[in-house]
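Please treat every number below as a calculation from the coordinates, not as lab data. Owing to the predicted nature of the structure, the values given are computational and were not obtained by experimental measurement. Reconstructed Cβ throughout: ideal geometry from the backbone, glycine too, with neighbour counts over all protein chains shown.
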């Protein structure tokens, strides 16, 4: 999907819950912009301070394992995963992107904790910057908004019972 994700209203039920952001250090300057976008989205919805934990990992390949560890701990209403994978001259890109996507979705399905995909998979560094706060939006912000929305949705369908 190209372009900026549509804005959704975030259920107030998500407020007061704890969230984690797992950030891949590879391509760190771009990843930092994704983290900034995620933190800004949380702050816009009064989720700040000790309600958001940030965890850095070496690269996008490791996002799934870190998210699984955090999800199993039971402290977070949702987990945001952000990272950047830029295509090079070898098929390495395809493997890393596939493992990251599969691992992140598996955590959500296996644990019931929403885990959102804010990983940029770009053909060029320019495309990555465009998706990290440039003309195509900020995938970190979008992933945090999706985490807030899913945490609120889960709390509402569970009758107000959510993770803290």
Complete set of residues in the range 115-137 that are under 16 Å from the mean Cα position of the chain (by Cα) and over 13 Å from residue 21 (Cβ atoms):
120, 121, 128, 131, 132, 133, 137
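Which count do you get for residues in the range 23-61 that are on the phi > 0 side of the Ramachandran plot and in contact with a strand residue (DSSP E or B) (Cβ under 6 Å, 6 or more places away or on another chain)? Give the derivation first.
Within the range 23-61, the subset on the phi > 0 side of the Ramachandran plot is 27, 46, 49.
Those still in the list that are in contact with a strand residue (DSSP E or B) (Cβ under 6 Å, 6 or more places away or on another chain) too: 27.
Counting residues in the range 23-61 that are on the phi > 0 side of the Ramachandran plot and in contact with a strand residue (DSSP E or B) (Cβ under 6 Å, 6 or more places away or on another chain) gives 1.
Filter the range 113-145 down to residues that are closer than 24 Å to residue 66 by Cβ and in contact (Cβ under 8 Å) with a residue 40 or more places away in the chain, then give me how many there are. So that I can check it myself, show each step before the final result.
Initially, the range 113-145 is screened for residues closer than 24 Å to residue 66 by Cβ, giving 113-122, 128, 131-133, 138-145.
Add one more test, that the residue is in contact (Cβ under 8 Å) with a residue 40 or more places away in the chain, and what stays is 113-115, 118-120, 128, 132-133, 138-145.
Within the range 113-145, residues that are closer than 24 Å to residue 66 by Cβ and in contact (Cβ under 8 Å) with a residue 40 or more places away in the chain number 17.
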